[in-house]
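Chemist: Sharing a structure here in structure tokens format.
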Amino acid sequence: MAAKPYGLIATFDTTPAVYHAAEKVRDAGYKNWDCITPFPIHGLDKAMGVKRSHVPKFSLLGGIIGFTAGMSLIYWSSAIDYPLIVGGKPYFSPLFAFPVSYELTILFTAFATIIGMFVLNRLPMHYHPVLKSSKILSGMDDKFHIVVEASDPKFNLAHTKALLEQAGGKDIQELEA
């Protein structure tokens, strides 16, 4: 019994070729696919139809929690737990709580950003079927690849292969799951 394919991988020689092929795959309505390039290509995410990341939302939430935690900690410790009037100053002043809140804002933002990146990118990912392909090494050196996953609702082996060929893909191969 043959193994279920993971998808198709197509090779492209130049940056413009993979960029325009990505636009064609996006326009064809595919959702589960990716580009493998040896270096970042400006605008490729737009050509792929990739939406803005949600990591900044994690960062903002972490910053708000950090700032609130800092202010709450100083308020609780100086106005509730151990209220002490020193020199006629109030029990709590945001001015004096700011350094602690500022540092906790930065710390919690950094942690939330890292956690958000790991969660949204499903890391750590110790194995990926594309790594079985012998082409992956050229994708890290001088070639460009588009991988269309078989889990995509529009995936049809013949139609997807024809689309990649029409987009300029060379040496199109099936990937094992």
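The values are calculated or read from the model by the stated rules, or taken from the named source; none is laboratory data. All values reported here derive from a predicted model rather than from experimental measurement. Don't worry about glycine lacking a Cβ; one is built from the backbone with ideal geometry, like all the others, and counts go over all protein chains shown.
Chemist: With respect to Gly7, is the statement that it is at positive phi, free of Cβ contacts under 8 Å to residues at least 40 places away in the same chain and either assigned by TED's automatic domain parsing to the domain that holds Gln166 or out of contact with any helix residue (DSSP H, G or I) (no Cβ under 7 Å at 6 or more places or on another chain) (or both) true? Can you show your working first?
Modeler: On the way: at positive phi: yes; free of Cβ contacts under 8 Å to residues at least 40 places away in the same chain: no; either assigned by TED's automatic domain parsing to the domain that holds Gln166 or out of contact with any helix residue (DSSP H, G or I) (no Cβ under 7 Å at 6 or more places or on another chain) (or both): yes.
It is false that Gly7 is at positive phi, free of Cβ contacts under 8 Å to residues at least 40 places away in the same chain and either assigned by TED's automatic domain parsing to the domain that holds Gln166 or out of contact with any helix residue (DSSP H, G or I) (no Cβ under 7 Å at 6 or more places or on another chain) (or both).
Chemist: Which is of a type outside the set (Gly, Ala, Ser), touching a helix residue (DSSP H, G or I) at 6+ places or on another chain (Cβ under 6 Å) and either over 30 Å from Ile65 (Cα atoms) or modelled with pLDDT under 95 (or both), of Phe108, Phe144?
Modeler: Just one listed residue meets the conditions, Phe144.
Chemist: From Asp13, Asp27, grab the single residue that is in contact with an Asp or Glu (Cβ under 9 Å, 6 or more places away or on another chain) and among the charged types (D, E, K, R).
Modeler: Values: Asp27 fails: in contact with an Asp or Glu (Cβ under 9 Å, 6 or more places away or on another chain).
Result: Asp13 is the single residue among Asp13, Asp27 that is in contact with an Asp or Glu (Cβ under 9 Å, 6 or more places away or on another chain) and among the charged types (D, E, K, R).
Chemist: Out of Ala69, Ala17, Ala47, Ala21, I need the residue that is in contact with a Lys or Arg (Cβ under 8 Å, 6 or more places away or on another chain) and at pLDDT 95 or above. Which one?
Modeler: Values: Ala69 fails: in contact with a Lys or Arg (Cβ under 8 Å, 6 or more places away or on another chain); Ala17 fails: in contact with a Lys or Arg (Cβ under 8 Å, 6 or more places away or on another chain); Ala21 fails: in contact with a Lys or Arg (Cβ under 8 Å, 6 or more places away or on another chain).
Every option except Ala47 fails the conditions.
Chemist: Identify the single condition in (1) assigned to a helix (DSSP H, G or I); (2) under 30 Å from Ala177 (Cβ atoms); (3) without any contact (Cβ under 8 Å) to a residue 12 or more places away in the chain that Lys51 does not satisfy, given that it satisfies every other one.
Modeler: The failed condition is (1).
Chemist: Need the failing condition index for Leu137 against (1) over 17 Å from Tyr6 (Cα atoms); (2) in contact (Cβ under 8 Å) with a residue 24 or more places away in the chain; (3) part of a helix (DSSP H, G or I), just the number.
Modeler: So the condition that Leu137 fails would be (2).
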